[in-house]
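Sending over a structure as structure tokens; questions will come in a sec.
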Amino acid sequence: MIEQDVIGHLIDVERLASDLLLDAQTEADKRRKAAKDAADLEYQTAYAKIISEMESSYESEKQKTDSEKEASFKSYQSDLEKIPQNYQDFTAFLNSLFPGN
């Protein structure tokens with residue numbers, strides 16, 4: 001009888017240990033999920049902030065570059081318009097290259 005009581009007690013202890021292990025695993029899973037959710041939220045927040053900053057920087061740099069390009073083109077166009085054009089000399093030059101026309 002004593003052997004049966006000892007074996008029964010050991011089975012009870014093993015069941016209790018199994019229940020404790022299951023509770024610990026459940027609690028660990030809850031904590032891991034909460035930590036993952038918090039990390040995901042922190043990541044998404046930081047990602048959105050970085051993307052917003054990069055888009056803002058891109059837009060301002062694009063506007064700056066577009067303005068510089070437009071000013072440079074207008075300056076180039078103005079410089080071209082200032083060059084005197086001599087159609088007679090140009091026609092004579094072409095006639096020297098392509099005689100017979």
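Conditions first: (1) at pLDDT 95 or above; (2) open to solvent by less than 80 Å² (accessible area, probe 1.4 Å). L20 passes all but one, so which condition is the exception?
Exception for L20: condition (2).
Looking at (1) surrounded by 10 or more Cβ atoms within 10 Å (Cβ to Cβ); (2) more than 45 Å from the chain's Cα centre (by Cα), which one does E42 not meet, given that it meets all the others?
(2)
Still on this structure: Would region 6-13 turn up any residue that is open to solvent by 90 Å² or more (accessible area, probe 1.4 Å), out of contact with any Leu (no Cβ under 7 Å at 6 or more places or on another chain) and not in a helix (DSSP H, G or I)?
Applying the first criterion (open to solvent by 90 Å² or more (accessible area, probe 1.4 Å)) to region 6-13 yields 7, 9-10.
Now narrow it down to the ones that are out of contact with any Leu (no Cβ under 7 Å at 6 or more places or on another chain): 7, 9-10.
Imposing the further condition that a residue be not in a helix (DSSP H, G or I) reduces the set to none.
Among the residues of region 6-13, not one is open to solvent by 90 Å² or more (accessible area, probe 1.4 Å), out of contact with any Leu (no Cβ under 7 Å at 6 or more places or on another chain) and not in a helix (DSSP H, G or I), which makes the answer no.
Additional query: If you scan region 45-79, which residues turn out to be hydroxyl-bearing (S, T, Y) and open to solvent by less than 90 Å² (accessible area, probe 1.4 Å)?
T45, S52, S56, S57, S60, T65, S67, S72, S75, S78
Out of curiosity, is D5 among the charged types (D, E, K, R) and over 52 Å from the mean Cα position of the chain (by Cα)? If you could, list the steps in order and put the result at the bottom.
Values: among the charged types (D, E, K, R): yes; over 52 Å from the mean Cα position of the chain (by Cα): yes.
Criteria met by D5.
The values are calculated or read from the model by the stated rules, or taken from the named source; none is laboratory data. Quick caveat, the model's predicted, so the values are computed rather than measured. Note: ideal-geometry Cβ built from the backbone for every residue, glycine included; neighbour counts use all protein chains shown. Calculation scope for accessible area: heavy atoms of the full protein, side chains included, ligands and nucleic acids excluded. Shrake-Rupley method; radii C 1.70, N 1.55, O 1.52, S 1.80 Å.
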